[in-house]
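K.L.:
Structure provided below as structure tokens; questions to follow.
The values are calculated or read from the model by the stated rules, or taken from the named source; none is laboratory data. These figures come from a predicted structure and were not determined experimentally. With ideal geometry, Cβ positions are generated from the backbone for all residues, glycine too; neighbour counts draw on all protein chains shown. Ligands, DNA and RNA are excluded from the accessible area calculation, which covers all protein heavy atoms including side chains. Shrake-Rupley method; radii C 1.70, N 1.55, O 1.52, S 1.80 Å.
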Amino acid sequence: MKSEHDLPFTDEQRRAIHHDGSSLRIIAGAGTGKTATLTARFAHLVERDDLQIGDVLALTFTNKAASEMKSRIIDQLDRSYSEFWVNTFHAFCQRILRTERGRQGLPAPRILEGQARRNLLKRTIEHQQFPAYGTRRTELVRQALVLVDRAKDELLTPAALLDNANAQNDPQLQDLAVAYTLYQEALVFGDRDFDWGELQTRVIDTLENDPATLQRWRGRFKHILVDEYQDINRAQFRLIELLAGNGRNLTVVGDVDQSVYAFRGASHTFLSEMSRSYPDVETVHLTRNFRSHQKILDVANALIDVNPHDRQQLVAHDGRTGNPPTVTQASDEHREAESIARQIARLHWIDDVPLDRIAVLLRSVQMGAGPIEGALEAVGLRSSSASGADSTDEASRDVLAVFRLIDEIKPGDLIRILISQGADPVEIAAAQVRATREEQSLVDVLTALDPLLAPAARAALDEVAALKDRPLPEQTYEATVLCGRLPLGETVTRDDYRYMRSLRRIIERAQDVAERGGTRAAFIQALESANSPLPEAGDTTSVVQIMTV
Ligand SMILES: Nc1ncnc2c1ncn2[C@@H]1O[C@H](COP(=O)(O)OP(=O)(O)OP(=O)(O)O)[C@@H](O)[C@H]1O
Ligand SMILES: [Mg+2]
């Protein structure tokens with residue numbers, strides 16, 4: 001991405017970047033440069049003589065957004081800094097708690113999530129009767145955990161929730177409130193474990209009840225910038241209120257039409273009614289969209305027109321226009337893939353559009369790339385999925401993952417094997433988050449995780465180690481068995497067929513290398529270069545990109 005330094009900012013963006021003296025709200029539609037403006041403001045502030053980098057805090061919601069924001073900021077700074085406060089709300093609260101607990105000689109908070117969290121709840125409610133749920137314990141556990149998260153986002157204590165349930169005379173809610181009460185008692189019992197919601201509520205609680213701590217953190221940040229403010233929930237709103245005081249140094253950016261966390265208690269009214277809490281707030285609207293041409297924006301406008309609140313139309317910067325989007329319906333994923341491949345072939349062969357100017361966007365590469373890759377291959381076009389490696393060759397990626405693990409344990413390779421063996425990607429993603437947060441290696445976290453992944457991770461590593469001294473072609477075949485991908489069922493899909501075909505090619509290559517006395521390392525190298533994520537030099541137009549939205 002072009003560094004934000006070099007962007008020809010519009011007057012309205014510049015006004016937001018240099019704003020001073022009161023709280024600021026930037027309201028604008030998708031792709032209007034909101035994040036660009038916010039990161040430029042961050043860079044502008046820290047380069048002011050009266051501010052240090054540690055004086056500016058930027059908050060957002062997901063790890064992905066936080067790391068993107070960080071790299072967009074770093075890109076604009078003239079020198080390197082070590083102390084960055086660009087975090088998700090949760091990571092930020094974890095940081096505060098770590099510091100505050102450290103002052104009191106307490107250990108850092110430990111995050112309880114996934115199965116461990118379910119187990120805690122199951123254990124604590126074991127001997128309790130739940131009249132409305134009866135024997136439907138699994139359902140109770142599932143709903144109670146969702147409710148616990150929602151309640152914490154809304155700053156509702158178990159007692160408040162129970163009162164609520166009693167007042168409404170709602171037996172189901174009463175059961176859930178009891179489960180929340182027991183869970184919460186167990187969670188805080190050892191003063192070590194936190195769920196994600198608890199990180200926020202505990203920080204808020206401390207700031208509200210301990211004036212010395214409040215004084216330490218309020219005023220600690222001379223500027224607080226929040227991206228995607230439409231997704232804020234009550235707890236996060238309160239946290240900012242506590243930290244920002246009168247809000248003079250608060251800058252928030254948001255788009256009511258993009259509110260995605262309503263199911264989690266987020267309320268965009270915090271954005272639209274901001275002047276209630278911060279009466280002197282100034283508002284800047286960004287009116288130009290830099291991402292798309294007008295015909296695409298017309299479709300987006302039609303979609304968000306049904307939203308109930310006032311909104312501005314998305315307008316393309318410079319009035320750019322192009323072909324209108326079209327909608328094609330297909331009866332199943334294979335027909336859909338064929339229709340996409342046909343259109344791409346027409347664009348490429350007849351209209352001379354280079355393939356690297358064409359992308360296929362999917363909700364998830366794992367879910368939908370296979371048929372599209374197959375259909376493209378059938379019309380003689382190669383594709384590359386967003387993971388980088390050539391996705392027409394799943395088999396060599398499996399073999400590579402196993403082979404690399406034989407010599408060196410790398411998280412990415414282990415994850416690939418675990419997922420292909422059927423591990424839940426969500427559990428793995430959670431482990432990944434935990435590894436980053438706890439600054440541990442993912443392999444350590446995966447092998448220490450209980451109870452689901454640890455045995456699978458260890459078993460996979462043992463199986464991989466057992467391959468070490470087998471002949472190369474046999475290792476190759478066994479690697480794909482280990483990944484659990486060889487089609488053993490009665491029906492063989494087109495994907496299976498492609499997998500087998502490329503496996504045969506790889507085994508032939510392994511035989512070749514073995515006959516010439518080549519090592520596994522040499523074979524890995526050959527596979528890696530054949531599987532290279534970059535097309536060969538001078539051949540950048542030969543690959544259609546398949547990527548997730
Ligand atoms: N003044 C500008 N001139 C040219 N390009 C710009 C300008 N401002 C922003 N952009 C570009 O527009 C694109 C969208 O910017 P950005 O991601 O900041 O938008 P956003 O409003 O935060 O989008 P979203 O609603 O998806 O969060 C980026 O590629 C950015 O570099
Ligand atoms: Mg943005």
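K.L.:
What stretch of the chain, leaving out the sites themselves, is the longest with no trypsin sites (Lys or Arg not before Pro) in a DSSP loop having at most 10 other Cβ atoms within 10 Å?
P.N.:
That would be 80-362.
K.L.:
Moving to a separate point now. Could you tell me how far the Cα centroid of the range 107-165 sits from the Cα centroid of the range 233-252, in Å?
P.N.:
Cα centroid to Cα centroid, the span is 28 Å.
K.L.:
Using the Cα centre of the chain as origin and beta-carbon charges of +1 (Lys, Arg) and -1 (Asp, Glu), tell me which of THR60, LEU414, THR493 is placed farthest towards the positive end of the dipole.
P.N.:
Ranked along the dipole, the leading option is THR60.
K.L.:
So what's the back-of-envelope 222 nm ellipticity for the chain, counting only DSSP H runs of four-plus at -39500 (n - 2.57) apiece and dividing by all residues, rounded to 500?
P.N.:
-16000 deg cm²/dmol
K.L.:
What pairs from LYS64/LYS468; LYS34/LYS222; LYS152/LYS295; LYS122/LYS410; LYS34/LYS152 go past 32 Å between their alpha carbons?
P.N.:
Pairs exceeding 32 Å: LYS64/LYS468; LYS152/LYS295; LYS122/LYS410.
K.L.:
Can you compute the FRET efficiency between ILE350 and GLN545 using 1/(1 + (r/R0)^6), with r the Cβ-Cβ distance and R0 = 22 Å? Round to the nearest 0.05.
P.N.:
Plugging the Cβ-Cβ distance into 1/(1 + (r/R0)^6) gives 0.65.
K.L.:
THR269 to ARG335: FRET efficiency via 1/(1 + (r/R0)^6), r the Cβ-Cβ distance, R0 30 Å, to the nearest 0.05?
P.N.:
0.10
K.L.:
Report the FRET efficiency, 1/(1 + (r/R0)^6), for SER277 and ALA454, where r is their Cβ-Cβ distance and R0 is 41 Å, rounded to 0.05.
P.N.:
Plugging the Cβ-Cβ distance into 1/(1 + (r/R0)^6) gives 0.35.
K.L.:
Using the alpha-carbon centroid of each, what span in Å lies between the range 9-66 and the range 415-438?
P.N.:
Cα centroid to Cα centroid, the span is 33 Å.
K.L.:
Now a separate question. Pull out a ≥ b ≥ c, the square roots of the eigenvalues of the alpha-carbon gyration tensor of the chain, then state rounded if a/c is under 1.5, prolate if not and a/b is larger than b/c, and oblate in the remaining case.
P.N.:
Oblate is the answer for the chain, as a/c is 1.5 or above yet b/c matches or exceeds a/b.
K.L.:
Using a/c under 1.5 as the rounded threshold, could you call the range 1-83 rounded, prolate or oblate? The axes a ≥ b ≥ c are square roots of the C-alpha gyration tensor eigenvalues, and prolate needs a/b larger than b/c, oblate otherwise.
P.N.:
Rounded, since a/c falls under 1.5.
K.L.:
Need one number: nm distance between label points at ASP407 and MET500, each 7 Å from Cα along Cα→Cβ, rounded to one decimal.
P.N.:
My value for the distance between the label points is 3.2 nm.
K.L.:
First check a/c for the range 110-191, with a ≥ b ≥ c the square roots of the eigenvalues of its C-alpha gyration tensor; if it is under 1.5, answer rounded, and if not, answer prolate when a/b is larger than b/c or oblate otherwise.
P.N.:
Oblate.
K.L.:
Probe radius 1.4 Å, ligands and nucleic acids ignored: give me the carbon and sulfur share of the accessible area of the chain as a rounded percent.
P.N.:
Looking at the chain in its full context, I get 51 percent from C and S.
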